[in-house]
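I have placed the structure first, in the form of structure tokens, so that the comments after it can refer back to it.
The values are calculated or read from the model by the stated rules, or taken from the named source; none is laboratory data. Just so we're clear, the structure is a prediction, and the values are computed from it rather than from any experiment. Positions of Cβ are backbone-derived with ideal geometry, glycine not excepted, and every protein chain shown enters the neighbour counts. Heavy atoms of the whole protein, side chains included, go into the accessibility calculation; ligands, DNA and RNA do not. Shrake-Rupley method; radii C 1.70, N 1.55, O 1.52, S 1.80 Å.
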Protein chains: 6
Amino acid sequence: MRPTLSSLPDAAPVLAFGAHPDDIEFGCGGVIAQETRAGRAAHFVVCSRGEAGTHGRPEQRVAEAQRGAALLGATIEFVELDGDSHLEVRAAHAITLAGVLRRVRPGVVLAPSLVENQHPDHWRLGRLVCDAARLARYGGVRELAGWPAHAIALLLFYASTREAEPADIPPVLIDISRPEIVSAWVAAMEAHGSQTSARKYVDAQLTRARLHGLGGSVEYATALFPADRLVFSSLSGLGRGARGF
Amino acid sequence: MRPTLSSLPDAAPVLAFGAHPDDIEFGCGGVIAQETRAGRAAHFVVCSRGEAGTHGRPEQRVAEAQRGAALLGATIEFVELDGDSHLEVRAAHAITLAGVLRRVRPGVVLAPSLVENQHPDHWRLGRLVCDAARLARYGGVRELAGWPAHAIALLLFYASTREAEPADIPPVLIDISRPEIVSAWVAAMEAHGSQTSARKYVDAQLTRARLHGLGGSVEYATALFPADRLVFSSLSGLGRGARGF
Amino acid sequence: MRPTLSSLPDAAPVLAFGAHPDDIEFGCGGVIAQETRAGRAAHFVVCSRGEAGTHGRPEQRVAEAQRGAALLGATIEFVELDGDSHLEVRAAHAITLAGVLRRVRPGVVLAPSLVENQHPDHWRLGRLVCDAARLARYGGVRELAGWPAHAIALLLFYASTREAEPADIPPVLIDISRPEIVSAWVAAMEAHGSQTSARKYVDAQLTRARLHGLGGSVEYATALFPADRLVFSSLSGLGRGARGF
Amino acid sequence: MRPTLSSLPDAAPVLAFGAHPDDIEFGCGGVIAQETRAGRAAHFVVCSRGEAGTHGRPEQRVAEAQRGAALLGATIEFVELDGDSHLEVRAAHAITLAGVLRRVRPGVVLAPSLVENQHPDHWRLGRLVCDAARLARYGGVRELAGWPAHAIALLLFYASTREAEPADIPPVLIDISRPEIVSAWVAAMEAHGSQTSARKYVDAQLTRARLHGLGGSVEYATALFPADRLVFSSLSGLGRGARGF
Amino acid sequence: MRPTLSSLPDAAPVLAFGAHPDDIEFGCGGVIAQETRAGRAAHFVVCSRGEAGTHGRPEQRVAEAQRGAALLGATIEFVELDGDSHLEVRAAHAITLAGVLRRVRPGVVLAPSLVENQHPDHWRLGRLVCDAARLARYGGVRELAGWPAHAIALLLFYASTREAEPADIPPVLIDISRPEIVSAWVAAMEAHGSQTSARKYVDAQLTRARLHGLGGSVEYATALFPADRLVFSSLSGLGRGARGF
Amino acid sequence: MRPTLSSLPDAAPVLAFGAHPDDIEFGCGGVIAQETRAGRAAHFVVCSRGEAGTHGRPEQRVAEAQRGAALLGATIEFVELDGDSHLEVRAAHAITLAGVLRRVRPGVVLAPSLVENQHPDHWRLGRLVCDAARLARYGGVRELAGWPAHAIALLLFYASTREAEPADIPPVLIDISRPEIVSAWVAAMEAHGSQTSARKYVDAQLTRARLHGLGGSVEYATALFPADRLVFSSLSGLGRGARGF
């Protein structure tokens, strides 16, 4: 009988994928801040420079993303696939992202949710990451021969809006109520000044986190959606249940 | 800001409800064995004496249940509601069970799943426990005035068969692969000799636990179904994801 | 071919049912305020005096409900069924509520959602109202012989919390952003001082309305869940679609 | 606070997309007839010439589509993507259709449903239109730079058969019972003589509309499926609920 | 290894339950006609005399039901539970119906669907039959001691309207296109003259059967909804798949 | 009225599609063995040589597949699409597979399930087969002009793991309990020695078949998932219902 891996290896970094320069910060920045403040490494992979958005030039948006990642304590890289608003679900992209997984060797991976009624790039990137997490484990994919196979510990989806939250996966709620975490998250969102000057994005995310917090009896919470069933080594690892008012 | 309760209080017992004398052992006995071997208290509440079953007399079944609980390291009591195969969803029953919750003051509560296409008593008991978990918190229920209000930490449903597993709640898998845990579970199931002599119940449960184990990359696992969203204080508490072959 | 009733008759009142004295105000008070300010009559039927709650004595809660209804421009009556936290789904109750429907003769009816994982009285009242709306139409129910049969125009469910919003019915969003509407709603919620002094209920509802508003590109919106398909006489009656950020 | 757009702008045309020359007529022709008879402009975009069908040559089918559109009071254009039975979900196609949206600037948009178990072109076109509706709003998509950004008011899916009706979106029913509307619809379907001579398509659509009508207590109704939540400025805009027998 | 029962025993009758005198005829009369014409026995159990309906006196409706059953070749009995529009889900009722199952010893059982948004008696009767099918198998239910235990072969739900068809169970379609079957079905529905004179019930059922037939490439079909998974002894027993146009 | 095809034509072969050399054997080998032993022809189409897997060289895996098919009494061919772990959903592939359908002219077709959270090639092949089954019927697809159109009788999905079983389609269970069938199935799985030496695949499949058997009251069963509704010419063709313990 193999030994059971029931908690995440301490050394494995958290890896978050975003389709546009601000997606990670808005979708799960609070969770990242909390992990890095607890000493875990975090790395961001951003798959476009946001060049199809209404506001902000690509170089400006790249700089904002770099600053946002820094404020969250994360490193960042850009992996160009098809470009903003042009992303397609191609096997070659999944293999590219599987290569990233083999190189970074993360424990937890965060990706946009698969809900199709949102920005067309978001769910496609989620789909690609989901496929990549499998391909990273298969020993014979020739394009990936340069790195040893890697099995991630856990794939979680994040949502950029209430509408992007999957209806068929009950979320797990991560308590991000500590004031220094909320502050770091807000700062990272505000780093994307080209976006936040145009619309009330920061307010929207805090409202959503507040509502999830109310459901979980904490101040602020981020809802994450597990791609797979969760495995625990005992009942006592299960956290507690959310009970609203 | 209130302090966040993100792990279960060590002292709070696990409380499991069963509609018939053998339901807890068959549905989640391995998990109970694991908790009691780890030093947590467990208590069983059984709501009939199995008097409508095809096999076994009531007094025999009560004795089997007592022996099954003992083998799992749990205490046991019988709470008569409407009798085997006669259970109804009545407010008075929910209040009775809420009284049990206030008296026992559990952290984790286990109850039969709400899937309606199974033994008619099973989902009705699940429904009653679900309601009871709310009523136990409300300060003004006059029948409950004898005990202080109590909020449980977590309600999890167990299933007695594959068909009773809810289709709309992804399970959490609890690894119960340690040989001494499997042995204790089998012994507790076999304590119900009036039932196991008649049909292949033990084989059925082991087969199901093996299949859940295969999905979670462990030997044996029990699938439990959270009634509410799970709340964690950080990503690192989330366990890992199940990946089948 | 019968003439098609495609808009609601102007004279028919809105009728809202609540299980406890504050449920209507918290769940859909903004919508009520908007209707009464537009000249439509509204009537509340409250089915307990909140006597099982942790805070507030029954007579106090009745007075709060009367004041809340008045602030929303609605009339109110109390229909005692089984008492707070004791409600059961009985045919006699459905017939009692059908009698109310025949007497009040509403167009739109509002009732708590059928989601079972909330206060046990809430979904049971929703279930009873749903049944009552059918029974009010059947000519031969002898207990209802005193009033002519009545067919309501529309049954909509409201939710008291995020968790009570049905996952399987897409909501319709009602824009309640006008400042005087929001003010009236907040005042009506605050009329329930025995409850709002204890917990952050008003904040929770405004947060939820704000999030629904963000999804619908307005300031504040209430989500309502139609019990039946909606019928329109033309495409142009359909309102518009919600598009989040 | 921005002014709320709660009814559709009178001048904005209805835009319907079809994968094959007869799809719009069969799927939602009655609704189109009703809109154009009420003075609203309607435009059809047909994405193949039906060249892979069993019956009818491409030039014949184009002529039939032109006649069908004329009978419904709509204008029509053909946008070639990959050809009949060869359609793929490509970013370039979504951008092409977004260009159509920017040029036509519709209020309501109609597209085939996303149910995958139907003609392979149908759901793929629905998917493309869904994506196009988002891309049309984004300011930086370079291929779309020739037209100002445009936000449609509402995206509704239509179904060509009972099997293509989404199970997870409750339909809105549009009453199309007026005899002149039914006549116009039948005439437009019969304009596709290459198809209707072969199988009982017209009978099938009338049967389906009759069944939806029975559910909505009118003679004939078309079921449409909103892509997004509907937003209304008050309860009174909600139409009424369907109640079957 | 026990012998596998893979086809229904020829001698076992079909047993259909109806909440009101006309429910069976309208919901599944064509299927019954086909079975009895093929030589299988059919028996109806009707659980009220329709005394709460708008049209028809109880004695008239009983006579209509007797005539309807006769036209379908079925025997009939009346089992009074709580009366029309007063049905409740009580353990005693389930046991009463289990007694019927033990006495009649059917193979296939037909009952109203569990969809809750229909006549309140319909789904409650479906729920009771579902429970009764289990209780009939349990050897120790004292009220049932007079008959030997009985396991039915198959429980199928029927729907009285399109709205009562379960969304979460794919139907099996039974081809009832033979002209003599359709005629017998229509005659049996028209036997309920107190109802059919008032509204277009017969037309509604034929329209629904026609639409299901179109989906299954036959003239008329009845949709039935299995309560449990179907078991076949080989692929060749599976019938064929429905393909719409 | 056309004659109704209610049983499968005896001469039509079963056609099974697999993405990798061992998929058919592991997913539905027992069913195949049973069909061929009953005298029906079976043919396998395998769409890669498994070259991206961790274990086994392509030529070895091709040989294993040939031996597995032979042990099951089936013929086999390889159709190269994009290669192992590189499969994309392309119209050209669907047309290629439609050509196979026209050439082989099967009755029942078996394909991998559409659940997306499994090997990326599996659900894509299922999607392609689903589309191909439609395209095979359309008379005007020019690439298919060499064969007459063909309508299959039934498309069933198989699953390689518990996780790949669709949650939204109730399975039909095929009893494969006969010892010679189980033996043939195990032998065919073990023919893939490059895979089975590495992990406990055979044990996993037998465990799953045993659990499905327990639900269906037989020793071993394979769960298959119909793509379309099933059509039967009478109730007596329906098999029986599965009832677990």
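The table below lists the values:
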item	result
Number of positions in the range E:123-149 that are assigned to a helix (DSSP H, G or I), touching a helix residue (DSSP H, G or I) at 6+ places or on another chain (Cβ under 7 Å) and either more than 10 Å from chain B (Cβ to nearest Cβ) or open to solvent by less than 10 Å² (accessible area, probe 1.4 Å) (or both)	7
Residue that is more than 16 Å from the chain's Cα centre (by Cα) and in contact (Cβ under 8 Å) with a residue 12 or more places away in the chain, where the choices are F:Ser194, F:Ser183	F:Ser194
Breaking point among (1) more than 30 Å from C:Val89 (Cα to Cα); (2) β-branched (Val, Ile, Thr); (3) touching a His at 6+ places or on another chain (Cβ under 9 Å); (4) within 12 Å of another protein chain (Cβ to nearest Cβ), for B:Val31	(3)
Looking only at the range E:63-95, and only at residues there that are in a helix (DSSP H, G or I) and open to solvent by 30 Å² or more (accessible area, probe 1.4 Å), the one that is nearest to C:Leu97 (Cα to Cα)	E:Ala92
Among (1) within 28 Å of A:Ala136 (Cα to Cα); (2) more than 7 Å from every other protein chain (Cβ to nearest Cβ); (3) under 22 Å from the mean Cα position of the chain (by Cα), the one test that B:Leu224 misses	(1)
Yes/no for D:Ala92 being within 13 Å of D:Ala136 (Cβ to Cβ) and either without any contact (Cβ under 8 Å) to a residue 60 or more places away in the chain or in contact with a Lys or Arg (Cβ under 8 Å, 6 or more places away or on another chain) (or both)	no
For B:Ala153: the one exception among (1) touching a His at 6+ places or on another chain (Cβ under 6 Å); (2) open to solvent by 10 Å² or more (accessible area, probe 1.4 Å); (3) more than 19 Å from B:Ala19 (Cα to Cα)	(1)
From E:Arg40, E:Arg61, E:Arg105, residue being within 13 Å of chain C (Cβ to nearest Cβ) and either out of contact with any Phe, Trp or Tyr (no Cβ under 7 Å at 6 or more places or on another chain) or not small (Gly, Ala, Ser) (or both)	E:Arg61
Tabulated pairs, the range C:18-46, first outside any helix (DSSP H, G or I), second acidic (Asp, Glu) and open to solvent by less than 10 Å² (accessible area, probe 1.4 Å), C-beta under 6 angstrom, 6+ apart or interchain	C:Ala19/C:Asp121; C:Ala42/C:Glu35
Number of positions in the range B:200-245 that are in a strand (DSSP E or B) and under 23 Å from B:Ala16 (Cβ atoms)	8
Residues (farther than 13 Å from F:Cys28 by Cα, charged (D, E, K, R) and in contact (Cβ under 8 Å) with a residue 24 or more places away in the chain) located in the range F:197-233	F:Glu219, F:Asp228
The range D:219-243: number of residues that are open to solvent by 10 Å² or more (accessible area, probe 1.4 Å) and in contact with a Ser or Thr (Cβ under 9 Å, 6 or more places away or on another chain)	8
Of all residues in the range A:86-135 being small (Gly, Ala, Ser) and out of contact with any Pro (no Cβ under 7 Å at 6 or more places or on another chain), the one that is farthest from D:Glu88 (Cα to Cα)	A:Gly99
Residue that is surrounded by 24 or more Cβ atoms within 10 Å (Cβ to Cβ), over 28 Å from B:Gly216 (Cα atoms) and within 15 Å of the chain's Cα centre (by Cα), where the choices are F:Val109, F:Val104	F:Val109
Unique match (being of a type outside the set (Val, Ile, Thr) and more than 29 Å from C:Gly241 (Cβ to Cβ)) among D:Ser233, D:Ser194, D:Ser217	D:Ser194
Count of the range B:160-181 residues which are within 21 Å of A:Asp228 (Cα to Cα) and facing another protein chain (nearest Cβ under 7 Å)	11
Odd one out for A:Met189, checked against (1) surrounded by 20 or more Cβ atoms within 10 Å (Cβ to Cβ); (2) within 20 Å of C:Thr161 (Cβ to Cβ)	(2)
Any hit, the range D:199-215, residues being open to solvent by less than 20 Å² (accessible area, probe 1.4 Å), in contact with a strand residue (DSSP E or B) (Cβ under 6 Å, 6 or more places away or on another chain) and under 30 Å from C:Ile32 (Cα atoms)	no
Qualifying residue in the range F:178-185 (condition: surrounded by fewer than 24 Cβ atoms within 10 Å (Cβ to Cβ), acidic (Asp, Glu) and in a helix (DSSP H, G or I))	yes
Residue match in the range D:150-159 (condition: touching a residue at least 24 places away in the same chain (Cβ under 8 Å), hydroxyl-bearing (Ser, Thr, Tyr) and either in contact with a helix residue (DSSP H, G or I) (Cβ under 6 Å, 6 or more places away or on another chain) or away from every other protein chain (no Cβ under 11 Å) (or both))	yes
Pick from the range D:43-52, criterion within 14 Å of chain F (Cβ to nearest Cβ) and open to solvent by 20 Å² or more (accessible area, probe 1.4 Å), ranking: farthest from the chain's Cα centre (by Cα)	D:Glu51
Looking only at the range C:150-167, and only at residues there that are assigned to a loop (DSSP other than H, G, I, E, B) and among the aliphatic types (A, V, I, L, M), the one that is modelled with the highest pLDDT	C:Ala159
